[in-house]
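What follows is a short report on a single structure.
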């Protein structure tokens, strides 16, 4: 079986790391897996990077197209801080993909690698791992999951947000997807049940004859993400061996969607009544806004790209906090559990897929800060119970997210696709 993974890069954030880990996991199961990326950061011979060289004529044409595009969108304004990409940038890989020896392609996060039209021109079966909401939205990479969301209703002139003005680029991108992918065969893999539901309920795909498989992201639970003696991990990081440490962060840094503004209030609730010294460890950025109003000691670890250091951070912590407002299937929660560290998060996105409430951590009602803090307290107040929960967390991660477990499930999806289960169907 030959599989080609397409991803903008292979190590910069959660989506790219998940893509690379899947590539590795499949390779270990005798699948002939390769990756094509724009930016190559790993030392793997089967990961190729870069754009296709362009002729002078092609460069001139692309420059003219870019100038026309920039002129046409000059009046577009939005107060939405979420990342937008409109699918008009291409690395020119379609011919290379179609002429490759791969039997199918697995798309991941492909901004600037493939344009919307490129995807419609791929002549091989497509499996698309949906790492964020861009696949079924306009240009937004995430959007509030509400009944009246445009991805559910369709991108109409009547439901455009009042915070946008100028050309409706989100509607344009959505309409372009609908036209370009109308006859394309796509099988979707959703890392979480929540994302799978969003795909099925989206106006772009709900009337299409599509398959949506829920398969989580893989981790190396044997050699990388495993429990480390807590005192040894703390010693290496220069932390007090007897204090309680809470860990929070994201590979791409904290933000509103990751619940950055809720960390301060949660910490205030905890430090106001706890008997033990509680300190906060933050990774992913060097100066998050969340530290400005925090009481107590905060350890800023910056961006951590070394998995060995990251495993020490998890193991040094008592609890991993995931205060996200929206999250597909946070790798940080899976990695922490594999290191034997319980997780506290809200009942959103893929968090309930990872955390078994009361057995492997705590799942608080959405954005209930009091209950979130209660969960952290509950984990810390009884050492014997904590050790049982930590052991359950580790076993749950190994049984559900280990590389071989996930690779085998992907292989089943690939075999189904290659058997011709998914003929080309027009989208709804």
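No lab work stands behind these numbers, since they all come straight from the coordinates. These numbers were taken from a predicted model, which means no experiment stands behind them. Here Cβ is always computed from backbone atoms with ideal geometry, including for glycine, and neighbour counts include all displayed protein chains.
Things to note:
- Where N is the number of residues in region 6-150, Cα Rg divided by 2.2 N^0.38 Å: 1.14
- Our estimate of slack between residue 237 and residue 386, defined as 0.36 nm per intervening residue step minus the Cα-Cα distance, is 51.4 nm.
- Note on residue 45 and residue 303: with the Förster distance fixed at 35 Å, the Cβ-Cβ geometry gives a FRET efficiency of about 0.85.
- Percent of Cα pairs exceeding the 19 Å cut-off, where the set is region 230-399: 50 percent
- Relative contact order of the chain, defined on C-alpha pairs under 8 angstrom at six or more residues apart (%): 16 percent
- Label corresponding to Cα extents along the principal axes in Å when calculated from the structure given, among [x] 67, 52, 41; [y] 69, 48, 46; [z] 122, 73, 39: [x]
- Residue-averaged [θ]222 nm for the chain, counting only DSSP H segments that reach four residues, each worth -39500 (n - 2.57): -11000 deg cm²/dmol
- Here the spin labels are modelled as points 7 Å beyond Cα on the Cα-Cβ line, and at residue 1 and residue 207 they lie 3.4 nm apart.
- Ordering of 24-35, 237-248 by packing [mean C-beta count within 10 Å, highest first]: 24-35, 237-248
- Using a simple spin-label model with pseudo-atoms 7 Å out from Cα toward Cβ, residue 75 and residue 229 lie 6.9 nm apart.
- Full extension of the chain segment joining residue 56 with residue 222 gains 54.8 nm, where the gain is 0.36 nm per residue of separation less the Cα-Cα distance.
- Simple spin-label estimate for residue 98 and residue 268 gives 5.9 nm between the two label positions (7 Å along the Cα-to-Cβ direction from each Cα).
- Each of 37, 398, 363 was scored by other Cβ atoms within 10 Å of its Cβ. Arranged with the fewest first, they read 398, 363, 37.
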